[in-house]
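S.K.: First the structure, then my questions, so here it is.
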Amino acid sequence: MDSAIPAPRAETYDAIMVGGGFYGCAIAGYLARRGWRVALLEREAELMTRASFVNQARLHNGYHYPRSFRTASRSRVNLDPFRRVFPEAVFDKFRALYAIARHGSKISPAHFERFGQVVGMPMRPASKEDAALFDSRLIERVYEVEEPAFDASILRQHHIAELDQLGVEVLTQHQVESIQPLADEDTASRLKVSTGSGVQLIADWVFNCTYADLNHVYGEHGGHEKVIDRFGLVHQIAEVALFEPPPELASRGVTVMDGPFFSAMPFPALGLHSLTHVRYTHHAKWNEDGELPFGLTERCPTALLHRYLETGGGKLARSRFAWMVRDAARYLPALSGVPLADTLIDVKTLAVGTQVDDARPILMHRDDRMGRLVSVMGGKVDNIFDIFEFIEQTLGLGVAPHTIGAAAHRTSAPAPLEALGE
Ligand SMILES: Cc1cc2nc3c(=O)[nH]c(=O)nc-3n(C[C@H](O)[C@H](O)[C@H](O)COP(=O)(O)OP(=O)(O)OC[C@H]3O[C@@H](n4cnc5c(N)ncnc54)[C@H](O)[C@@H]3O)c2cc1C
């Protein structure tokens, strides 16, 4: 093994996390706090560089989901615990504005207001000054709402410090290539995890937290793909374009609802704003087992993304920022002519069936044949608070305390669990 790649200190663990995004880190911390010996294997050189960094940084408070009452209301319930557990990562030094387009929107102002009342979301008409930023020929109503952003680099620092303090063994640059039962026919068997770097570890439990690559931790060569439950996923190559906000937008975040519109949100981790546009952000979309885009052949979404960028001259060459700005500036003239500062591209993954109502459930699943393999895919970061009860039940650890970190607690009855693929 390359001497620069961290080597494990032990061969056996109570639990192994595959994937060091927000979910893998948070679950690792949760189990370590119970006294479990935990190792976390991450393919990249650093934790939280993928979807957990490449996103809109919206700390959802429900407004975004007028077509899914459940997602909206869970977002509201989870916001306070998020604030309590990660206070330093919550960024709310800006005014959040939601605007309803006059044409082509799936929602009217009356509907949005009613929905806000039912879910209990605070909203008020935007000030004259804020409303004047929009072209009133295209925007019917503007609301000021309470929806912060999160700083992904502070979340990363939080996890690094916490995992270190809790003694979690974090092994970056280790790509898991197979997960196998130690005793082939036994669904309760402990599991053997092998990496491309030649490491083999054994664990009582393995958590697959690999998001876009959820169906690919077994590798193209592992031979286990056919015997492990696979998930119906939809992938999108998603571009989060970054720009230096003009003065009018510096302390504002704008979302135009609900259709082929855009968001211009603070991106606190880099001190910039992000621009995403429903029509242009997604360069491609495909189903896990469906036809692959651009004639590419890589089934693993991350491999496909890399090939897409290689063959297209890199991420900046691929940027659709100019199209996003051209359209968005019609609604919000302050965006006119803003230059691209940088762009982030990654795979965004959704569970099949959620496109219709735009819901963002958490996918939690225990494998049929390897009963100690648990897969988790969070549709958004605050969903983390919906998972610990499932983990408690799965592991038979007793009553769920509903906490990560000392201060968090649930503020309503636990939601029914989402278990896809069962
Ligand atoms: C464009 C976009 C916009 C979004 N906007 C928002 C938003 O505004 N608000 C919100 O709450 N959520 C948003 N989300 C969703 C949110 O980002 C995800 O729900 C969350 O980051 C998922 O965390 P994760 O840990 O499961 O995934 P990730 O952060 O992707 O972590 C998975 C990790 O697994 C590693 N990995 C994969 N395969 C292997 C392997 N074989 N071996 C070892 N390691 C492996 C990867 O390198 C990666 O680090 C957005 C997502 C995208 C892509």
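Bear in mind these aren't lab numbers, they're just calculated from the coordinates by the rules spelled out. Because the structure is predicted, anything quoted here is derived from the model rather than measured. With ideal geometry, Cβ positions are generated from the backbone for all residues, glycine too; neighbour counts draw on all protein chains shown.
S.K.: Along Cα→Cβ, 7 Å out, is where each label goes; now give me the distance between the ones at residue 272 and residue 111 in nm to one decimal.
M.R.: Computed distance between label sites residue 272 and residue 111 equals 3.4 nm.
S.K.: Please determine, in degrees from 0 to 90 and to the nearest 10, the orientation of helix 69-85 with respect to the longest principal axis defined by the Cα atoms of the chain, where the helix direction is its Cα long axis.
M.R.: The helix 69-85 is inclined about 70 degrees to the chain.
S.K.: For segment 70-129 and segment 29-54, what is the centre-to-centre distance using only Cα atoms, to the nearest Å?
M.R.: For segment 70-129 versus segment 29-54, the Cα centre distance is 30 Å.
S.K.: What's the extension gain from residue 244 to residue 289 if we count 0.36 nm per residue and subtract their Cα-Cα distance?
M.R.: Values: separation 45, 0.36 × 45 = 16.20 nm, distance 3.88 nm.
The span from residue 244 to residue 289 would gain 12.3 nm if fully extended.
S.K.: Based on the Cβ-Cβ distance from residue 342 to residue 393, what FRET efficiency comes out when R0 is 60 Å, to the nearest 0.05? The partial results should precede the final answer.
M.R.: Numbers: r = 42 Å, r/R0 = 0.71.
It comes to 0.90.
S.K.: Could you derive backbone 3J(HN,Hα) for segment 244-256 from the dihedral phi with the Karplus parameters 6.51, -1.76 and 1.60 (θ = phi - 60°), listing whole Hz in sequence and x where the residue is Gly or Pro?
M.R.: 7, x, x, x, 4, 9, 4, 10, 9, x, 10, 10, 9
S.K.: Pop out the ³J(HN,Hα) list for segment 25-37 in order, Karplus 6.51 cos²θ - 1.76 cosθ + 1.60 with θ = phi - 60°, rounded to Hz; leave Gly and Pro as x.
M.R.: Couplings: 5, 5, 6, 4, x, 4, 6, 5, 5, 7, x, 6, 8 Hz.
S.K.: Something else about it: Can you list which of the GluC sites (Glu not before Pro) found in segment 286-367 are DSSP loop residues with at most 10 other C-beta atoms within 10 Å? Don't jump to the answer; show the numbers that get you there.
M.R.: Values: sites: 288, 291, 298, 310; in loops: 288, 291, 298.
Taking segment 286-367 and a limit of 10 other Cβ atoms within 10 Å, the loop GluC sites (Glu not before Pro) found are 291.
S.K.: Oh, and also: Under 21 Å Cα-Cα from residue 128, which lysines qualify once same-chain neighbours fewer than 8 residues away are excluded?
M.R.: 93
S.K.: Something else about it: Out of all DSSP beta bridges in the chain, what portion is antiparallel? Express it as a percent rounded to 5.
M.R.: Values: 52 of 74 bridges.
Of the beta bridges lying entirely in the chain, close to 70 percent run antiparallel.
S.K.: Okay, next question. Count charges around residue 21 for me, please; just the other residues with Cβ under 12 Å from its Cβ, Lys/Arg as +1, Asp/Glu as -1.
M.R.: Details: positive: 43, 50, 156; negative: 42, 44, 46, 213, 346.
Its environment carries a net charge of -2.
S.K.: Taking R0 as 60 Å, what's the FRET efficiency between residue 88 and residue 186 from their Cβ-Cβ distance, rounded to 0.05? Mind showing how you got there, number by number?
M.R.: Details: r = 45 Å, r/R0 = 0.75.
Result of the calculation: an efficiency of 0.85.
S.K.: Quickly work out the residue 34-to-residue 127 label distance, labels modelled 7 Å from Cα along the C-beta direction, and quote it in nm with one decimal.
M.R.: In this crude label model, residue 127 to residue 34 measures out at 4.9 nm.
S.K.: Around residue 87, with a cut-off of 15 angstrom between Cβ atoms, what is the net charge of the other residues, counting Lys and Arg +1 and Asp and Glu -1?
M.R.: Values: positive: 83, 84, 93; negative: 80, 88, 92, 151, 162, 382.
Value of the local net charge: -3.
S.K.: Contour minus end-to-end for residue 316 and residue 229, with contour as 0.36 nm per residue of separation and end-to-end as the Cα-Cα distance? Don't jump to the answer; show the numbers that get you there.
M.R.: Numbers: separation 87, 0.36 × 87 = 31.32 nm, distance 3.67 nm.
In short, 27.7 nm is gained.
S.K.: Oh, and also: How high is the FRET efficiency from residue 95 to residue 153, r the C-beta distance, R0 30 Å, rounded to 0.05? Spell out each step's value before the answer.
M.R.: On the way: r = 23 Å, r/R0 = 0.76.
The pair residue 95/residue 153 has a calculated efficiency of 0.85.
S.K.: Here's something else I'd like to know. Along the Cα→Cβ direction, 7 angstrom out, place labels at residue 45 and residue 251. What is the inter-label distance in nm?
M.R.: Label at residue 45, label at residue 251, 3.8 nm between them.
S.K.: Next up: Classify segment 104-155 as rounded, prolate or oblate from the Cα gyration tensor: take a ≥ b ≥ c as the square roots of its eigenvalues, call it rounded if a/c is under 1.5, otherwise prolate when a/b beats b/c and oblate if not. Could the numbers behind the result be given before it?
M.R.: Values: a/c = 1.95, a/b = 1.32, b/c = 1.47.
It is oblate, given that a/c is not under 1.5 and a/b is not larger than b/c.
S.K.: Taking only the alpha-carbon positions of the chain and ignoring solvent, what does the Debye formula give for the base-10 log of I(q)/I(0) at q = 0.07, 0.10 Å⁻¹?
M.R.: Ignoring solvent entirely, the Cα scatterers give -0.34, -0.69.
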